[in-house]
1. Taking region 60-77 only, how many residues are of a type outside the set (Ser, Thr, Tyr), open to solvent by 60 Å² or more (accessible area, probe 1.4 Å) and either outside any loop (DSSP other than H, G, I, E, B) or modelled with pLDDT under 95 (or both)?
2. Within region 114-135, is even one residue under 20 Å from Gly174 (Cβ atoms), aliphatic (A, V, I, L, M) and in contact with a strand residue (DSSP E or B) (Cβ under 8 Å, 6 or more places away or on another chain)?
3. Look at Arg119 and say whether it is at pLDDT 95 or above and either open to solvent by 20 Å² or more (accessible area, probe 1.4 Å) or not in a loop (DSSP other than H, G, I, E, B) (or both).
4. I'm checking my understanding of the structure. Among residues of region 168-178 that are out of contact with any Leu (no Cβ under 6 Å at 6 or more places or on another chain) and part of a loop (DSSP other than H, G, I, E, B), which one is most open to solvent (accessible area, probe 1.4 Å)?
Amino acid sequence: LNSPENFLHRLYMGRMLHRVDRIVAVSESVKRDIIKHCNIYSDKVDVVYSGVAKRFTEPVSEETMEEVGTRYNLPARYILGVGAQIERRNMLKVIKILPLIDHEMHYVIVGRATAYTARLQRAAAELGVGDRVHFIHDAREEDMPAIYHRATMLINISKYEGFASSLAEALTTGTPCI
(Lines give C-alpha, C1' and ligand atoms only; values in the text may rest on other atoms or scores of the structure.)
Protein backbone atom coordinates (compact mmCIF):
# COMPACT_ATOMS: atom_id res chain seq x y z
CA LEU A 1 0.00 0.00 0.00
CA ASN A 2 2.82 2.44 0.63
CA SER A 3 4.78 2.24 -2.63
CA PRO A 4 4.58 5.17 -5.08
CA GLU A 5 3.48 2.96 -7.98
CA ASN A 6 0.34 2.11 -6.02
CA PHE A 7 -0.85 5.71 -5.60
CA LEU A 8 -3.90 5.43 -7.88
CA HIS A 9 -4.76 2.05 -6.45
CA ARG A 10 -4.57 3.49 -2.92
CA LEU A 11 -6.73 6.43 -3.92
CA TYR A 12 -9.39 4.19 -5.45
CA MET A 13 -9.25 1.64 -2.62
CA GLY A 14 -9.40 4.35 0.02
CA ARG A 15 -12.63 5.68 -1.46
CA MET A 16 -14.11 2.18 -1.76
CA LEU A 17 -13.11 1.19 1.77
CA HIS A 18 -15.06 4.09 3.24
CA ARG A 19 -18.24 2.70 1.66
CA VAL A 20 -18.09 -0.79 3.18
CA ASP A 21 -19.29 -1.90 6.61
CA ARG A 22 -16.34 -4.18 7.49
CA ILE A 23 -12.86 -4.82 6.14
CA VAL A 24 -10.96 -8.09 6.50
CA ALA A 25 -7.16 -7.87 6.57
CA VAL A 26 -4.80 -10.87 6.37
CA SER A 27 -2.47 -9.57 9.10
CA GLU A 28 -2.01 -6.87 11.73
CA SER A 29 0.50 -5.26 9.37
CA VAL A 30 -2.08 -4.96 6.60
CA LYS A 31 -4.63 -3.65 9.11
CA ARG A 32 -2.20 -0.91 10.21
CA ASP A 33 -1.54 0.02 6.57
CA ILE A 34 -5.25 0.25 5.79
CA ILE A 35 -5.82 2.45 8.82
CA LYS A 36 -2.82 4.67 8.06
CA HIS A 37 -3.00 5.00 4.27
CA CYS A 38 -6.77 4.93 3.79
CA ASN A 39 -7.77 6.86 6.92
CA ILE A 40 -10.07 4.09 8.19
CA TYR A 41 -11.13 3.65 11.83
CA SER A 42 -9.50 0.62 13.44
CA ASP A 43 -12.79 -0.83 14.71
CA LYS A 44 -13.91 -1.26 11.09
CA VAL A 45 -10.99 -3.61 10.27
CA ASP A 46 -10.83 -7.25 11.38
CA VAL A 47 -7.81 -9.52 11.02
CA VAL A 48 -8.40 -13.05 9.73
CA TYR A 49 -5.17 -14.93 9.10
CA SER A 50 -4.85 -16.99 5.95
CA GLY A 51 -4.77 -20.73 6.26
CA VAL A 52 -2.64 -23.25 4.41
CA ALA A 53 -4.09 -25.59 1.78
CA LYS A 54 -4.56 -29.18 2.92
CA ARG A 55 -2.06 -30.46 0.32
CA PHE A 56 0.77 -28.92 2.39
CA THR A 57 -0.17 -31.04 5.42
CA GLU A 58 -0.12 -34.35 3.56
CA PRO A 59 2.98 -36.55 3.19
CA VAL A 60 4.81 -36.41 -0.15
CA SER A 61 6.10 -39.73 -1.49
CA GLU A 62 9.69 -40.17 -2.64
CA GLU A 63 8.31 -41.04 -6.07
CA THR A 64 6.41 -37.74 -6.28
CA MET A 65 9.44 -35.77 -5.11
CA GLU A 66 11.55 -37.46 -7.79
CA GLU A 67 8.93 -36.75 -10.50
CA VAL A 68 8.66 -33.09 -9.47
CA GLY A 69 12.45 -32.78 -9.33
CA THR A 70 12.69 -34.12 -12.87
CA ARG A 71 9.75 -32.02 -14.17
CA TYR A 72 11.38 -28.76 -13.05
CA ASN A 73 15.02 -29.87 -13.31
CA LEU A 74 15.57 -29.11 -9.63
CA PRO A 75 19.14 -29.26 -8.29
CA ALA A 76 19.98 -31.64 -5.44
CA ARG A 77 20.45 -28.79 -2.91
CA TYR A 78 18.69 -25.46 -3.10
CA ILE A 79 17.46 -22.43 -1.27
CA LEU A 80 13.86 -21.74 -2.24
CA GLY A 81 12.25 -18.38 -2.93
CA VAL A 82 8.52 -18.25 -3.65
CA GLY A 83 6.50 -15.38 -5.07
CA ALA A 84 6.36 -12.90 -7.90
CA GLN A 85 9.81 -11.61 -8.75
CA ILE A 86 9.45 -8.03 -7.57
CA GLU A 87 12.01 -5.75 -5.97
CA ARG A 88 10.47 -5.62 -2.49
CA ARG A 89 10.89 -9.40 -2.19
CA ASN A 90 14.66 -8.81 -1.94
CA MET A 91 15.61 -11.86 -4.02
CA LEU A 92 18.68 -9.99 -5.25
CA LYS A 93 20.21 -10.21 -1.75
CA VAL A 94 20.02 -14.00 -1.87
CA ILE A 95 21.68 -14.03 -5.30
CA LYS A 96 24.46 -11.81 -3.91
CA ILE A 97 25.27 -14.32 -1.15
CA LEU A 98 25.52 -17.31 -3.51
CA PRO A 99 29.22 -16.71 -4.39
CA LEU A 100 30.00 -16.77 -0.66
CA ILE A 101 28.40 -20.11 0.20
CA ASP A 102 28.79 -23.76 -0.75
CA HIS A 103 29.00 -24.00 -4.53
CA GLU A 104 26.67 -27.00 -4.52
CA MET A 105 23.87 -24.79 -3.17
CA HIS A 106 21.51 -23.32 -5.77
CA TYR A 107 18.70 -20.78 -5.56
CA VAL A 108 15.33 -21.78 -7.02
CA ILE A 109 12.79 -18.98 -7.45
CA VAL A 110 9.21 -20.10 -8.06
CA GLY A 111 6.75 -17.42 -9.14
CA ARG A 112 5.55 -14.97 -11.73
CA ALA A 113 8.19 -13.27 -13.86
CA THR A 114 8.23 -9.48 -14.01
CA ALA A 115 10.50 -6.81 -15.46
CA TYR A 116 12.62 -7.29 -12.31
CA THR A 117 13.40 -10.88 -13.37
CA ALA A 118 15.84 -9.61 -16.00
CA ARG A 119 17.70 -7.68 -13.29
CA LEU A 120 17.97 -10.84 -11.19
CA GLN A 121 19.27 -12.81 -14.17
CA ARG A 122 21.84 -10.11 -15.01
CA ALA A 123 23.08 -9.96 -11.42
CA ALA A 124 23.42 -13.75 -11.26
CA ALA A 125 25.44 -13.75 -14.51
CA GLU A 126 27.66 -10.87 -13.37
CA LEU A 127 28.37 -12.63 -10.06
CA GLY A 128 29.24 -15.86 -11.87
CA VAL A 129 26.33 -17.80 -10.36
CA GLY A 130 23.95 -17.76 -13.32
CA ASP A 131 24.10 -21.57 -13.50
CA ARG A 132 23.03 -21.77 -9.83
CA VAL A 133 19.93 -19.56 -10.08
CA HIS A 134 16.81 -21.23 -11.46
CA PHE A 135 13.50 -19.57 -12.33
CA ILE A 136 10.28 -21.58 -12.40
CA HIS A 137 7.36 -19.56 -13.74
CA ASP A 138 4.90 -22.36 -14.42
CA ALA A 139 4.89 -24.54 -11.30
CA ARG A 140 1.64 -26.39 -10.74
CA GLU A 141 -0.01 -25.82 -7.37
CA GLU A 142 -0.11 -29.56 -6.71
CA ASP A 143 3.69 -29.71 -7.16
CA MET A 144 4.45 -27.04 -4.57
CA PRO A 145 4.51 -29.35 -1.50
CA ALA A 146 7.21 -31.48 -3.16
CA ILE A 147 9.17 -28.37 -4.19
CA TYR A 148 9.12 -27.21 -0.54
CA HIS A 149 10.04 -30.69 0.77
CA ARG A 150 13.03 -30.95 -1.56
CA ALA A 151 14.37 -27.51 -0.56
CA THR A 152 17.18 -27.15 1.95
CA MET A 153 15.44 -24.01 3.23
CA LEU A 154 13.11 -21.21 2.23
CA ILE A 155 14.44 -17.67 2.44
CA ASN A 156 11.94 -14.83 2.53
CA ILE A 157 13.63 -11.52 3.37
CA SER A 158 10.99 -9.32 1.81
CA LYS A 159 11.14 -5.62 2.59
CA TYR A 160 7.36 -5.68 3.03
CA GLU A 161 4.86 -8.50 3.09
CA GLY A 162 1.28 -8.34 4.29
CA PHE A 163 1.19 -12.07 4.95
CA ALA A 164 3.89 -14.36 3.59
CA SER A 165 1.93 -17.48 2.68
CA SER A 166 5.17 -19.08 1.47
CA LEU A 167 6.48 -19.05 5.05
CA ALA A 168 3.32 -20.73 6.36
CA GLU A 169 3.46 -23.31 3.55
CA ALA A 170 7.15 -24.05 4.12
CA LEU A 171 6.74 -24.40 7.87
CA THR A 172 3.77 -26.71 7.35
CA THR A 173 5.89 -28.97 5.13
CA GLY A 174 8.74 -28.94 7.65
CA THR A 175 11.06 -26.85 5.48
CA PRO A 176 13.37 -24.58 7.54
CA CYS A 177 12.78 -20.86 6.99
CA ILE A 178 14.70 -17.62 7.21
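The values are calculated or read from the model by the stated rules, or taken from the named source; none is laboratory data. The structure presented is a predicted model; accordingly, all values stated were derived computationally and were not measured. Here the Cβ positions follow ideal geometry from the backbone for every residue, glycine too, while neighbour counts run over all protein chains shown. Surface areas here come from the heavy atoms of the whole protein model, side chains and all, with no ligands, DNA or RNA. Shrake-Rupley method; radii C 1.70, N 1.55, O 1.52, S 1.80 Å.
1. In the first step, residues of region 60-77 are kept if they are of a type outside the set (Ser, Thr, Tyr); the result is 60, 62-63, 65-69, 71, 73-77.
Of the ones still in play, those that are also open to solvent by 60 Å² or more (accessible area, probe 1.4 Å) are 62-63, 66-67, 71, 73, 76-77.
Pick out the ones that are also either outside any loop (DSSP other than H, G, I, E, B) or modelled with pLDDT under 95 (or both) and you get 62-63, 66-67, 71.
Of the residues in that region, 5 qualify.
2. Of the residues in region 114-135, the ones under 20 Å from Gly174 (Cβ atoms) are none.
No; the residues of region 114-135 include none that is under 20 Å from Gly174 (Cβ atoms), aliphatic (A, V, I, L, M) and in contact with a strand residue (DSSP E or B) (Cβ under 8 Å, 6 or more places away or on another chain).
3. Details: at pLDDT 95 or above: yes; either open to solvent by 20 Å² or more (accessible area, probe 1.4 Å) or not in a loop (DSSP other than H, G, I, E, B) (or both): yes.
Taking the combined requirement at face value, the residue satisfies it.
4. So the first thing to find is which residues in region 168-178 are out of contact with any Leu (no Cβ under 6 Å at 6 or more places or on another chain), and the list is 168-169, 171-174, 176, 178.
When the remaining residues are screened for being part of a loop (DSSP other than H, G, I, E, B), the result is 174, 176, 178.
Working: Gly174: 62, Pro176: 74, Ile178: 109 Å².
Taking the candidates together, the pick is Ile178.
Listed here are the residues, each with its yes/no results for (1) touching a Cys at 6+ places or on another chain (Cβ under 6 Å); (2) open to solvent by less than 20 Å² (accessible area, probe 1.4 Å).
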site: Asp131; (1), (2): no, no
site: Ala139; (1), (2): no, no
site: Asp143; (1), (2): no, yes
site: Tyr148; (1), (2): no, yes
site: Leu154; (1), (2): yes, yes
site: Ser158; (1), (2): no, no
site: Glu161; (1), (2): no, no
site: Ser166; (1), (2): no, yes
